Amino acid sequence: MSNGLDALGPLAARVPDQLRASAGYHVPRPANIRAKLDANELPFPLPEELRQRLGAALAEVSLERYPDPNAAELRSVLAQRLGIAPSQLVFGNGSDELIAMIVAAFAAPRGAGQTSAEQAPERGIGPARAELARPAAVLFPSPTFVYYRLAAIARGIESIEVPLTSRFELDEVAIERAIEQHEPSVVFLALPNNPTGTLWRMEFAVELAARHRNVAVISDEAYFAYSGRSSLAHLAQHPNLIVMRTLSKVGMAGLRVGYTISSPPIAELLERLRPPYNLSALDQAAAVFMLREATSWCEASAAEVVTERKQLEATLARLPGVEVFPSEANLLLVRLGLGRATAIYRALQADGLLVRNFDRPDAKLAGPLDGCLRITVGTPAENALLLASLAVHCEAIRNP
Ligand SMILES: Cc1ncc(COP(=O)(O)O)c(C=O)c1O
């Protein structure tokens, strides 16, 4: 056994196998960082005038009281903005929490409180209920956002991972085949995808929901502000479709506010699993303020990031030994070569530039992100620093 679990003594043996084999979500925080380009955040801080007014709004929050468990004001502001009914919204402490709730709502580990189709008749359970009660898996393309896998592991649920093509495009035929074979109850599609930035055919999520009515299909639109593409308009026709969004990527990652938009029955189901006070009173007040007062700033900032991304993409593609993948998010995935990517990552870090390293030069088996770094689009000044530094290191550190 690894991961230092040995020190737990006999309790270590009780940790499920899947969890033993997994690693936590490690986020490096080195000192002296000049540009933090590793977490797909918006790089611009809130302007001073808005900051002052936000501070005044937060000063009014009653910290001695629990937060509103229904987030009524936030719900009303957001529902109005999205043109949906307030009952279609469920809030999460970031969309991470919603992912975990969705997995808990629709998938259970084998033998954990679910009735198999074979047992159903003797327990007086009808066919529709028995169908739902089959052991269920969670399916998603790979590589994608890591928390889908972590949420499944946390509940002892099988993850079916369907490889993307070598250019990180979605293999729709392989997804369909895997659904037929494994009968998952949940399918996550990150549109656009993280860490690749690629935006797959949006309609595919809706088509899956139409073809597989016993599957919850999640259109994870964390990067909607950058792609402008959504499955929202199709929700009314597909009660099993869930749109998931977050405030994290548009200047509010510090708040931890994500939300799903779905049919009311799914929202009601997720509500049964939601910790009642999952959004703090400060989160709620700040989110309400931002939605009411700072939407145009958020939109203008996201538009500036898109302009920057296009320039960054074009310049990166001209550097020696750099392959850039197309992106519709606020990030760019680049392939620099196995081992070389890690060397360049370290050189960037020494220059005070933090990006995300997916290279694994010491791994025994090859992986799809070997040789890759993910760069979050920064401010114009940060991007200039990054490009200057990369130009030097890409020249100096060549593939063996
Ligand atoms: C595709 C995708 N979904 C969901 C999330 C989670 O966002 P949060 O928990 O900050 O709302 C992320 C974060 O990077 C993401 O990339």
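Each reported figure results from applying straightforward, stated rules to the coordinates on display, with no laboratory input. Since we're looking at a predicted model, the values are computed, not measured. Methodologically, a virtual Cβ is constructed for each residue, glycine included, from the backbone with ideal geometry; neighbour enumeration extends over all protein chains shown.
Assorted remarks:
- Cleavage-rule hits (GluC sites (Glu not before Pro)) in the range 1-102: DSSP loop, at most 13 neighbouring Cβ within 10 angstrom: Glu60, Glu64
- Computed over the range 244-293, Kirkwood Rh from alpha-carbon pairs, angstrom: 11.9 Å
- Residues whose amide H falls under 5 Å from that of Asn278, counting only those 5 or more places apart or on a different chain, are absent, with hydrogens built in the peptide plane.
- Sorted on the mean count of surrounding Cβ atoms within 10 Å across their residues, most packed first, peptides 236-249, 9-22 read 236-249, 9-22.
- Per-bin percent of Cα-Cα distances, the chain [20 Å]: 25, 56, 19, 1
- Taking 0.36 nm per residue of separation and subtracting the current Cα-Cα distance, fully stretching the chain between Ala396 and Ser166 would add 80.1 nm.
- Neighbour-count ranking [beta-carbon atoms within 10 angstrom, fewest first] of Arg211, Arg340: Arg211, Arg340
- Helix content alone sets the calculated 222 nm mean residue ellipticity of the chain: runs of n ≥ 4 DSSP H residues at -39500 (n - 2.57) each, divided across all residues, give -11500 deg cm²/dmol.
- Sorted fewest first by neighbouring Cβ atoms within 10 angstrom, Tyr147, Tyr277 come out as Tyr277, Tyr147.
- Cβ-based charge dipole, the chain, positive-most Cα from Gly228, Cys298, Ala100: Ala100
- Remark: spin-label model distance Leu365-Leu319 equals 3.0 nm, labels positioned 7 Å along the Cα→Cβ axis.
- Residue with peak Gaussian network fluctuation, the chain [Cα springs, cutoff 10 Å], from Leu50, Leu270, Leu191: Leu50
- Set of aspartates and glutamates with alpha-carbon distance to Lys310 below 14 Å, sequence-local pairs under 8 removed: Glu328
- Dipole moment magnitude, nearest 20 debye, the chain about Cα centre, only Lys, Arg, Asp, Glu C-beta charged: 400 debye
- Dipole orientation for the range 63-293: of the candidates Ala190, Leu241, Gln88, Gln88 has the Cα lying most toward the positive pole (charges on Cβ; Lys, Arg +1; Asp, Glu -1).
- Take 255-264, 84-93 and order them by the average number of nearby Cβ atoms within 10 Å per residue, most first; the result is 255-264, 84-93.
- At most 14 other Cβ within 10 Å, DSSP loop - trypsin sites (Lys or Arg not before Pro), the range 279-324: Arg318
- Note that the range 87-93 has calculated 3J(HN,Hα) couplings of 6, 8, 9, 10, 9, x, 6 Hz, one per residue in order, obtained from phi through the Karplus relation 6.51 cos²θ - 1.76 cosθ + 1.60 (θ = phi - 60°); glycine and proline are x.
- Cα-projected label distance for Glu293 with Leu8, points at 7 Å along beta-carbon direction, nm: 4.6 nm
- Counting only residues at least eight positions apart within a chain, or on another chain, the lysines with an alpha carbon under 17 Å from that of Lys249 are Lys36.
- Taking all Cα pairs closer than 8 Å and separated by 6 or more residues, the relative contact order of the chain comes to 21 percent.
- Computed magnitude of the charge dipole of the range 63-293 (debye, nearest 20; Cβ of K, R +1, Cβ of D, E -1): 240 debye
- Under the Karplus curve 6.51 cos²θ - 1.76 cosθ + 1.60, θ = phi - 60°, whole-Hz ³J(HN,Hα) for the range 281-290, x wherever Gly or Pro sits: 4, 5, 4, 4, 5, 5, 5, 4, 4, 5
- Alpha carbon Rg of the range 63-293, scaled by the compact-globule rule 2.2 N^0.38 Å: 1.02
- For Val61, Val186, Val206, Val377, the sequence from fewest to most other C-beta atoms within 10 Å is Val61, Val206, Val186, Val377.
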